[in-house]
Amino acid sequence: MAKMFSKEEFIKSVEDNLKLLYRKDVESASTQQLYQAVSYSVKEMIIEKWMSSQNEFEKQGAKMVYYMSMEFLVGRALGNNLINLGCYKEIAEALDEIGVDLNLLEDEEPDPALGNGGLGRLAACFLDSLTTLGYRAYGCGIRYHYGMFKQKIDDGFQKEVPDNWLKDGYPFELKRPEHAKEVRFGGYVNYVLKQDGTYDYIHEGYQSVKAVPYDIPIIGYKNNVVNTLRIWDAEPINEFQLESFDAGDYKKALEQDNLAKTITEVLYPKDDHMAGKELRLKQQYFFISASVQRAVEAFKLGNDNIMEFPKYVCFQLNDTHPTIAIAELMRVLMDDEMLEWDDAWEITSHTCAYTNHTIMSEALEKWPIELFSRLLPRVYQIIEEINRRFQAQIEAKYPGDTKKVEKMGIIYDGQVRMANLAIACGFSVNGVARLHTEILKKQELKDFYEMFPEKFSNKTNGITQRRFLCHANPLLADWITDKIGDEWITNLSELSKLKLYTEDEKALNEFMTIKFKNKQRLAKYVLEHNGVEIDPHSIFDIQVKRLHEYKRQLLNILHIMYLYNRIKERPDIDFYPRTFIFGAKAAAGYHIAKLTIKLINTVADIINNDASIHGKLKVVFIEDYRVSNAELLFAAADVSEQISTASKEASGTGNMKFMLNGAITIGTMDGANVEIVEEVGDDNAVIFGLSAQEVIEYENHGGYDPVEIFNSDPDIRKVLMQLINGFYNPGDTELFRDIYNSLLNTKSSSRADTYFILKDFKSYANAQEKIEEFYRDKNRWAKAALLNTACSGKFSSDRTIEEYVKDIWKLEKANF
Ligand code: 6GP
């Protein structure tokens, strides 16, 4: 139990909170009220540590990183906070004494879904690791009132339901109105000639909103360190603008009000895709301007030499979404701090670092000049000047080579290109897995790499074992601790000690029994949520991630259709029972993605209700996949599906979570899969499909011809015909026509089968056969599963963070 609370004191604190908040006692309170009261008691345990950490950091003058991100997919806090405080079991017992089940309380907590997928969850893992390792860090983000939508499945179709996560109040946040900042939009820039012949640039005629920060504590694992995730909300600058009202400018007052209401309303639900909307740019500037202003203000409290800013502060830009920070820092330094360009540039170019999370071209952020300059006139002016100087630099280095400016220019062809801004101005550019970084260097960012090779580095992603093992899989966590001690919780490479047990029958049995229990736990969830009975003795094969064509959930479901055909054709076939589980949200406007969800559910319906196959095959679509149910899924998987078209998945992090929990990967040589196989050995993962190089070759030569495969392979032809002959959907043969066309129709403007699904199909089917054969050899499988856990040490976000710290951020560990 944490120092300041004995069991009795904790219970007393919960009872007091219930009274104070709701005028209730334990017996009469609802589960939600109990969750709130308990969370406030936990917050009380945190607050002292939070204050003392911040004081200590300040006293030691530690350098800090601001991790700037549009998304933080933190997941539920209560259970995780208790684990990191080191008192989960004690609090569970204390609550048990008053008849309260901590698990039920945890389920009352909304999942703060302030992110889409990979990039947002990575940001959350990084904050956990930064804090556990004792580094000073701030997460800077947005307090969306509606996070990622809730997914309902209605007649097999995805329906998006607003996620009002704040409706009951979020107990862990703390409003900090004293740090509010004004953020300005629109207007124009006036020049005033100064006595010394230079100009002052004055921004006039703008609209303002007030950015108000809410702080969420991030707790280090048993080390008393607490960092802060600061998310900004928007409020009208003055509730009622009398001045404007009197002047008859009622419209402006209303507009300002509206701006404040809309700006933080909702998270854009597209991942790996640029929305291109004005409101999105407003969101970006809103939280960045507030964060940058506050960072400069905070720095000045402890240091009056602004030139030392980069020595104490680093901005890590999580993809291009926050790259406007570069121009905003220049603006603040020149317009507010009165620095000359060269000094402001010296500071900015040593402060900002950029991470690229995707090579998907549709994700590359480009803003039309018209929109950008209208919304952010002063910032645009600064970017123009950065661009002018940068182009001169390019021309000096490559005289006469106009292609270089075309490729690297920041403003080009009527657009502001955010990645180019980040690379030209930042001191560091990194990819998120070795293969991804190589593709950036050799293809996507080739010209930049040639010009600034010293800026580029790789930082392979990682995940936090505190959430994805300690919290997600307590049975396995305890077993591991029992075998090798608990050092792995803060040093994941310790897991390699488990290799000793691969020859130990008893240990292997225990390991597989835990897997079985986790499969039972998931089966119970599926029965409750889907009404489908699944057999924990069958192979649990799981693909959970955002729905995207490049991730190829379609390949998976087409293969299931193929298996079903085989079982139907040969009822006596010796087939090891399989349960295929999917979980995925599709962006609301992504037609093919949403249709794929419908296809999965349609196929599931037919297969699950076909008594003639005796339950050999089951298909389940988990509704509303999110961090909380992800934890159940990772713990229960036998097989981890990582089947993206090679070269497209920058890294993946789900792949690591499965591995850590002892699942075997079936995957392509893409993203971090490459490194996973390297760690675990190719006997303990099943790899298939085109290599990244092969995919890129095809792409450079206009693709390949899927029709040939359709014509020559009867199995594939049968499956594809079932998309349009009413086999699964007798009422409407046209329903899946667009999927069929996406695979075969060469007449459509884009290439058919852009993601090489048919090309890789056979190789995938063979890999799945190998999985089955492998699983039948119980002993070999158990060894391989244990080896996956034992070899997952590299994929801790603690390792990733240490690499960022050493190569980019140069932070010092606090010593408290
Ligand atoms: C994702 C990548 O798709 C995934 O491969 C990677 O593991 C993750 O980032 C973390 O690095 N990208 C996004 O979520 C995204 O929105 C713009 O990229």
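Of note:
- Here the label points at Glu346 and Ile573, each 7 Å from Cα along the C-beta direction, are separated by 7.2 nm in the simple model.
- When peptides 29-36, 299-306 are ranked by their average number of other Cβ atoms within 10 Å per residue, the highest-first order is 29-36, 299-306.
- Part-to-part distance (alpha-carbon centres) for segment 368-440 and segment 649-701, which is given in Å: 32 Å
- Annotation: the antiparallel percentage among DSSP beta bridges lying fully within the chain is about 45.
- Based on Cα contacts under 8 Å between residues 6+ apart, segment 718-816 shows a relative contact order of 10 percent.
- Extreme residue, positive dipole direction of the chain, given options Asn711, Ala392, Cys125 (C-beta unit charges): Asn711
- Top positive-direction residue, dipole computed over the chain with Cβ charges, set His591, Leu735, Trp165: Leu735
- At full extension, Met51 and Glu734 could sit 239.7 nm farther apart than now, given 0.36 nm per residue minus the alpha carbon distance.
- Put in line by how crowded their Cβ is, counting other Cβ atoms within 10 Å and starting with the fewest, Tyr728, Tyr250, Tyr354 read Tyr250, Tyr728, Tyr354.
- Degrees between helix 88-97 axis and first principal axis of the chain (Cα, 0 to 90, nearest 10): 80 degrees
- Other residues whose C-beta falls under 14 angstrom from the C-beta of Leu267 contribute a net charge of +3, scoring Lys and Arg +1 and Asp and Glu -1.
- Residues with amide H under 5 Å from that of Gly187, placed H, sequence gap 5 or more: Gln207
- Label-point separation in nm, Glu395 to Ile606, each point 7 Å along Cα→Cβ: 6.3 nm
- Cβ-derived FRET efficiency at R0 60 Å, Asp25 paired with Lys499, nearest 0.05: 0.70
- Extension gain for Ser457-Lys59 works out to 140.0 nm (0.36 nm per residue, less the C-alpha to C-alpha distance).
- Residue among Asn116, Val432, Ala260 farthest towards the positive dipole end of the chain, charges placed on Cβ: Val432
- Charged-residue dipole, Cβ positions (Lys, Arg, Asp, Glu), segment 145-244 about Cα centre, Debye nearest 20: 380 debye
- Taking each residue as 0.36 nm, the span from Asp482 to Thr402 lengthens on full extension beyond its C-alpha to C-alpha distance by 22.4 nm.
- For Lys7, the lysines whose Cα comes closer than 30 Å to its Cα, not counting residues fewer than 8 places off in the same chain, are Lys19, Lys24, Lys43, Lys49, Lys89, Lys175, Lys222, Lys483.
- Calculated [θ] (222 nm, deg cm²/dmol) that DSSP helices of n ≥ 4 give over the chain, each run adding -39,500 (n - 2.57): -14500 deg cm²/dmol
- Placing a label point 7 Å from the Cα of Phe516 along the Cα-to-Cβ direction, the residues of segment 462-492 whose backbone N falls under 20 Å from that point are 473-480.
- Put in line by how crowded their Cβ is, counting other Cβ atoms within 10 Å and starting with the fewest, Lys759, Lys657, Lys251, Lys407 read Lys251, Lys407, Lys759, Lys657.
- Listed by chain and number, the lysines whose C-alpha is less than 19 Å from the C-alpha of Lys810, apart from same-chain residues fewer than 8 away, are Lys59, Lys63, Lys311, Lys455, Lys459.
- Mean separation of Cα contacts under 8 Å, 6 or more apart, over the residue count of the chain: relative contact order %: 13 percent
- Spin-label model, Lys152/Glu44: points 7 Å from Cα along the beta carbon direction are separated by 3.9 nm.
Since every read-out is calculated from the coordinates, none of them should be taken as a lab result. Nothing here was measured: the structure is a model prediction, and the numbers come from that model. Methodologically, a virtual Cβ is constructed for each residue, glycine included, from the backbone with ideal geometry; neighbour enumeration extends over all protein chains shown.
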